[in-house]
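Below: one structure, written as structure tokens.
Laboratory data are not the source of any read-out in this text; all were calculated from the coordinates shown. These numbers were taken from a predicted model, which means no experiment stands behind them. Positions of Cβ are backbone-derived with ideal geometry, glycine not excepted, and every protein chain shown enters the neighbour counts.
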Amino acid sequence: MTTLRTLVLALLASLAVAAPAAATGPVFVVVPTTQSDASASAPASGELTADRHALAQERGLHRSLLAKLTRVRARADSAALLSDQLAAEQRAAELQVAADDAATQVAQLRQEIAQLEVSLQPPPLQAVVPLAPAAPSGTTGITAVSIADEYLGVPYRWGGADPLTGFDCSGLTMYVYAQLGIHLPHYAGDQWRELLHVDASQLEPGDLVFFEPRWDGPGHVGIYAGGDNFIEAPHTGDVVKIASLSREASEMGYLGAARPSALAGSFLGY
């Protein structure tokens, strides 16, 4: 390759020297040629041809290498982009798993804290609501069930008391009976404490049924619909639906029932 460059530089220098002469017109020099001179120039001509051939080969090889380098770089760039994308997706998946695990841990800790609070606090002094026969719910209770039926499928929302945004358990009972002029507090424990309790043998459609006994009262409430059915807003991720009274009682514990229809026109709570 060094010899080839030297030859090319020599040729360019010769052309530079000959250029001024070519500008004034051609100059012919007749040199007698002998047999020995002709035979001496033949090897030089052959060497030049070989060098030009080598130059052409080198240029072709260079172009080929450049083309290959371009293709390799393109593949490398594409691989980098793809690897970055895959790495980002994998990282996102790992973060989602970690977030789900954290949410599970939070829920478990909250449950443990709630249980500890229950075990550490003494039962509050509360006025005992007597268990006494209540006036029949009549059409008011049946109407309450009919109203609650209209909201089947509304999503559960903690603290919710509006069909447009969602209900929690006591928000549903409060909203339904508000349509009938009966105002209940927005808390299952307060509803249980302030309503007249009804014996299980006297359950009628529209009565409120309470579950999940705790030191401060029930943790869940629904609207009895007759038979083994009641309407509830159960928990986050679920919707207002009809559930089995006996199944909920066995799973959560049954506390009792109360009849809001006996308080038509009154106001309870806040």
### Query
Want the number for Arg157 to Arg63: 0.36 nm per residue separation, take away the alpha-carbon distance, what's left?
26.9 nm
## Note on the structure
Log10 I(q)/I(0) at q = 0.13, 0.15, 0.21 Å⁻¹ for segment 137-266, from Debye over equal alpha-carbon scatterers, is -0.43, -0.58, -1.26
### Message
If I model a spin label as a point 7 Å beyond the Cα along the Cα-Cβ vector, how far apart are those points for Lys241 and Trp215 in nm?
### Response
3.3
